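The values are calculated or read from the model by the stated rules, or taken from the named source; none is laboratory data. Just so you know, these numbers come straight off a predicted model, no measurement behind them. Counting neighbours? That spans all protein chains shown, and the Cβs are built from the backbone with ideal geometry, glycine included. All accessible areas refer to the heavy atoms of the entire protein, side chains included, with ligands and DNA or RNA removed. Shrake-Rupley method; radii C 1.70, N 1.55, O 1.52, S 1.80 Å.
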Amino acid sequence: MPQPIVSSVGSAQSRTIDIVNRGLKRRYRAERRFKLYGITAIVLSLVFLALLFTTIVGNGYSAFHQTEIKLDVYFDPAEFKDRLAADANYLAIVKDSLRELFPDVSGRRDTRSLNGLVSTGAAFLVRDMLLKDRGLIGKRIPVWVPADDDVDMLVKGHIDRRQPESDRRLKDKQLAWIDQLTADGRVRKAFNFSFFNNGDSREPELAGILGALMGSFYTLVVTLLLSFPTGVAAAVYLEEFAPKNRWTDLIEVNINNLAAVPSIVFGLLGLAVFLNFFGLPRSAPLVGGLVLSLMTLPTIIIASRASLQSVPPSIREAALGVGASKNQMVFHHVFPLALPGMLTGTIIGMARALGESAPLLMIGMVAFIVDIPGGLTDPSTVLPVQIYLWADSPERAFVERTSAATMVLLAFLITMNALAVVLRKRFEKRW
């Protein structure tokens, strides 16, 4: 009789083990599927990121080179005899130099087409050369001047010369003149210094990002000077000194909610308060910095509080145990240990502010600004808004400048985030 009992027990154990093994196999398959989903998500993210960067770089790298045409410019003394050097007709000087290369061109339409090969900025370049050296009067010197944006697009391969003449911005005669200039060694592609030295312009070949860069710089300076000390002070008070009651809970909830508010809401607030109520100058880095400070403050406060919370309680207890006051404990022991995390949060917040355009559009920083801002109250724009303006322009040459400006903006953002990572790794302490 005992044998059947032993046999039934053994069979029951066998069934249990089989059930467990089947369950383990299902869990292992689920884990492999989950791992596969994770790897697939990472690969897709990297593919889309690579596609994004490839598209931006592919469209924008050519903007760092500009097509130039060499002209033999003659500074006729008769042109400067009865007028100041700054008042001379430099555009006529450039046109005369170009027509000397093609003496057979006649007729009003053909002359206008020939003059259209050279950018209008060539006159300013020639003027600046003479103003720097008055000894050029009476001399003929070779000068490389910027080509028109259509010529630039043709040389860079963005215009298909095989299309019918009616579908091209450059006519057949202009293509022949460009081919002759190229054969004579009078066409080249040089580094586009004007892209980094000029402000905005209606002419793509003259447009640059210096005005937007300076506007972004002044705006971020105001943002940093206002948001960092205010945000850190608020975090220290709320975390170390504020009593725990319903008022502080309400403040904490509002800070967390403000971090998720759309950025354009802060632009509406700046429009209503800083411009309409206080009457501050429109389209100025001062107002832009004030608006971005409001937007960045919640991020800095939350990051600073998290950094303070990461400091072990034993640090506080040890400081108080040796006789330090509450202020000494906070500012001599806790604050230095939490500062790297605060700086990391601040840099991330500033990087977000650098890439914002919606709140700045609301305060008028979308205006067409040619001059380089020289202070906090001068009219200016910022790099994201400049990209927005160029993206809305119909000329083909602005497409590459939009992508090039995006590359510059991404370089700043990557640099700032990399700096945040380095600071965190450099000063991070593990407890």
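Relative contact order, percent, of region 354-398 when contacts are C-alpha pairs under 8 Å separated by at least 6 residues?
37
Could you size up the charge dipole of the chain around its Cα centre, putting +1 on the beta carbon of Lys and Arg and -1 on that of Asp and Glu, and report it in debye to the nearest 20?
For this selection, approximately 2140 debye.
Straight-line reach from K171: which lysines have Cα under 30 Å away, leaving out those fewer than 8 places along the same chain?
Partners found: K70, K95, K156, K189.
Measuring from the lowest to the highest alpha carbon on each principal axis, how far does region 202-295 reach, largest first, in angstroms?
Principal-axis extents of region 202-295 (Cα, largest first): 60, 25, 23 Å.
Can you tell me which of Y61, Y388, Y28 moves the most in a GNM of the chain? Springs connect C-alpha atoms under 10 Å apart.
Among Y61, Y388, Y28, the largest GNM mean-square fluctuation belongs to Y28.
How much FRET efficiency would the formula 1/(1 + (r/R0)^6) give for R352 and F217, where r is the Cβ-Cβ distance and R0 is 25 Å, rounded to 0.05?
According to the calculation, E is roughly 0.90.
Can you give me the three principal axis dimensions of region 232-368 from its C-alpha atoms, in Å, biggest first?
For region 232-368, the Cα extents along the three principal axes come out at 61, 30, 24 Å.
What's the FRET efficiency of A41 with N256 using the Cβ-Cβ distance as r and R₀ = 35 Å, to the nearest 0.05?
0.80
How much of S194 can a 1.4 Å solvent probe reach, expressed as accessible area in Å² and rounded to 10?
My reading of the accessible area for S194 is about 30 Å².
Kindly report, to the nearest 10 Å², the accessible surface of I372 as traced by a 1.4 Å probe over protein heavy atoms only.
Accessible area of I372: about 70 Å².
What FRET efficiency, computed as 1/(1 + (r/R0)^6) with R0 = 41 Å and r the Cβ-Cβ distance, is obtained for D76 and T377, rounded to the nearest 0.05?
Efficiency at R0 = 41 Å is approximately 0.40.
Quick one: how many Å² of T299 are accessible to a 1.4 Å probe, rounded to 10?
Rounded to the nearest 10, that gives 40 Å².
Tell me which residues come under 5 Å, amide H to amide H, from S119 once H is placed; ignore anything under 5 positions away on its chain.
Distant-sequence amide H within range of S119: A147, D148.
Gaussian network model of the chain, Cα springs within a sub-10 Å range: biggest mean-square fluctuation belongs to which of V43, V291, V370?
V43
Ignoring ligands, DNA and RNA, how do L286, L51 rank by accessible area with a 1.4 Å probe, largest first?
L51, L286
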